[in-house]
Amino acid sequence: MSTTQTPSRQLTDRQREAYLRDGYLLGLPPIYTAEEMAGLNAELPHLLALLRPGETTNDMREWHHESAFLYEIVMNPRILDLVEGILGPNFYVWGSHFFIKPAHSAGTVPWHQDAYYWPLSPCNTVTAWLAFDDVDEVNGGMKLIPGSHRGGIIKHRQRDDDKAVIKLELEEGTFNVDDAVQFRLKAGEISLHDDRAIHGSQANPSDRRRAGLTIRYSGTNVKADVGKSPEFTAHLCRGVDTYGHTYYGPVPTQRYGRKERTPPEPAARN
Ligand SMILES: O=C(O)CCC(=O)C(=O)O
């Protein structure tokens with residue numbers, strides 16, 4: 001689908017400073033117009049149709065490797081311009097994951113730091129959270145603890161209840177929940193957050209769906225431990241990769257495809 005012709009915009013120095021200080025950014029220029037978002041939402045059922053019995057939308061991870069529809073989103077120059085303001089000129093995209101909370105749904109995202117989950121080093125990853133719906137405190141929008149990215153990585157504990165869509169969480173008392181900032185986004189807008197920032201979200205008791213696509217961008221200096229994550233695959237978004245740590249996969253050709261859970265042949269990585 002075509003995207004809006006509004007000029008791309010870079011981060012201002014003030015926005016960059018705020019991100020470095022707080023570990024997140026809101027108030028960014030919209031990536032998609034309401035009309036464009038309606039078009040993207042109209043395509044979502046084609047992806048949902050690829051879920052297998054027993055799977056949920058939580059299994060829609062890293063499908064941008066196989067789906068041109070998602071690849072176009074994660075490579076949208078308007079998102080990349082903003083991310084470049086944080087990561088600098090050389091970075092890749094490796095992750096995408098839908099977090100969809102239907103109306104009246106109990107699913108929560110427990111408080112966590114992304115970096116605790118990921119076998120990536122150093123910590124130099126930015127998440128763009130693209131709102132597919134208007135998102136706020138009523139329908140389970142994300143909350144984040146400002147400045148928490150500067151406090152180091154804290155040990156998480158296992159969480160086993162069905163409501164939690166991710167299974168490692170920070171214990172109460174390891175941070176002050178009263179400091180949390182509520183994220184509010186219109187459909188088509190993004191927030192940005194640091195991989196060490198503490199964040200999470202509540203259930204959605206409202207009448208409105210709350211859907212977002214998280215997109216993970218890392219500086220080319222970031223190395224994945226492929227012993228722990230043998231499927232790790234990226235696409236270079238901007239600049240050059242002089243490090244050579246990272247396997248870059250092919251650009252998808254089919255509009256709707258999904259990630260299979262089998263690692264590529266080792267030879268394909270050489
Ligand atoms: O969508 C949410 O509520 C949480 C997203 C999240 O945890 C993340 O972007 O890492």
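The values are calculated or read from the model by the stated rules, or taken from the named source; none is laboratory data. All of these numbers come straight from a predicted model, not from anything done at the bench. Neighbour counts run over all protein chains shown; Cβ positions are idealised from the backbone, glycine included. Only protein heavy atoms, including side chains, enter the accessible area calculation; ligands, DNA and RNA are left aside. Shrake-Rupley method; radii C 1.70, N 1.55, O 1.52, S 1.80 Å.
Just the residues that are β-branched (Val, Ile, Thr) and either in contact with a Gly (Cβ under 8 Å, 6 or more places away or on another chain) or within 19 Å of residue 166 (Cα to Cα) (or both), please, taken from region 127-149. Walk me through it before giving the result.
Initially, region 127-149 is screened for residues β-branched (Val, Ile, Thr), giving 127, 135, 138, 145.
Matches in region 127-149: 127, 135, 145.
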When the residues of region 33-77 are filtered to those that are open to solvent by less than 10 Å² (accessible area, probe 1.4 Å) and assigned to a loop (DSSP other than H, G, I, E, B), which remaining residue is farthest from residue 190 (Cα to Cα)? 67
Hey, residue 116 in contact (Cβ under 8 Å) with a residue 12 or more places away in the chain, open to solvent by 20 Å² or more (accessible area, probe 1.4 Å) and closer than 23 Å to residue 61 by Cβ or not: yes
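Residue-wise test of (1) within 14 Å of the ligand (Cβ to nearest atom); (2) among the basic types (Lys, Arg).
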position: 110; (1), (2): yes, no
position: 122; (1), (2): no, no
position: 130; (1), (2): yes, no
position: 133; (1), (2): yes, no
position: 143; (1), (2): yes, yes
position: 147; (1), (2): no, no
position: 150; (1), (2): no, yes
position: 157; (1), (2): no, yes
So, of the residues in region 191-225 that are under 21 Å from residue 90 (Cα atoms) and β-branched (Val, Ile, Thr), which turns out to be farthest from the ligand (Cβ to nearest atom)? 220
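For region 9-53, give me each residue that is charged (D, E, K, R), in contact (Cβ under 8 Å) with a residue 12 or more places away in the chain and closer than 30 Å to residue 260 by Cα. Please lay out each step first, then the result.
Step one: of region 9-53, the residues charged (D, E, K, R) are 9, 13-14, 16-17, 21-22, 35-36, 43, 52.
With in contact (Cβ under 8 Å) with a residue 12 or more places away in the chain added as a condition, the list becomes 9, 16, 21-22, 36, 43.
Answer for region 9-53, where residues must be charged (D, E, K, R), in contact (Cβ under 8 Å) with a residue 12 or more places away in the chain and closer than 30 Å to residue 260 by Cα: 36, 43.
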Return the only residue of 73, 86 being out of contact with any Pro (no Cβ under 9 Å at 6 or more places or on another chain), within 16 Å of the ligand (Cβ to nearest atom) and over 28 Å from residue 206 (Cβ atoms). 86
Of the conditions (1) at positive phi; (2) at pLDDT 95 or above; (3) exposed (fewer than 14 other Cβ atoms within 10 Å of the Cβ), residue 153 fails just one. Which one is it? (1)
